[in-house]
Amino acid sequence: MARAGFTVAQLPALWPPFLSPLRPSRSYSIEPADEAIALLGGELRESTDLTLPDAVILATAQLREAYVVATRDLSILRTKSAVPSKRPDDIVPK
């Protein structure tokens, strides 16, 4: 049976190239998921229809005092949160 995604063995080769464009950006930051983020993410998951990864994204944004979450994910966009979420096109003027 085929499985979507990557194996654990593939991650060391794939992850750094994926992250490298984000590291120098002033628009993005990569944050470690600490206990506070995990707890708030769990609370958001329990109180909303979000998946756990989406709840962790909003928890991270809230605890790191982000201005906005830029996403095209409809479930995040529809969820009321302490940090507003917007489509990238709605943030950056054309």
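Considering only the stretch 32-71, state which residues are among the charged types (D, E, K, R), surrounded by 11 or more Cβ atoms within 10 Å (Cβ to Cβ) and under 21 Å from Leu19 (Cα atoms).
Hits for the stretch 32-71 are Asp54, Arg64.
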Does Val83 count as in a loop (DSSP other than H, G, I, E, B) and surrounded by 12 or more Cβ atoms within 10 Å (Cβ to Cβ)?
yes
In this structure, does Gln62 turn out to be part of a helix (DSSP H, G or I), of a type in the set (S, T, N, Q) and at pLDDT below 95?
no
Could you tell me which residue of the stretch 9-54 is nearest to Ser75 (Cα to Cα), considering only residues that are among the aliphatic types (A, V, I, L, M) and either part of a loop (DSSP other than H, G, I, E, B) or in contact with a Ser or Thr (Cβ under 7 Å, 6 or more places away or on another chain) (or both)?
Leu50
Restricting the search to the stretch 1-19, which residues are within 23 Å of Ala70 (Cβ to Cβ) and modelled with pLDDT under 75?
Trp15, Phe18, Leu19
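The values are calculated or read from the model by the stated rules, or taken from the named source; none is laboratory data. Because the structure is predicted, anything quoted here is derived from the model rather than measured. Every residue, glycine among them, receives a Cβ derived from its backbone with ideal geometry; neighbour counts consider all protein chains shown.
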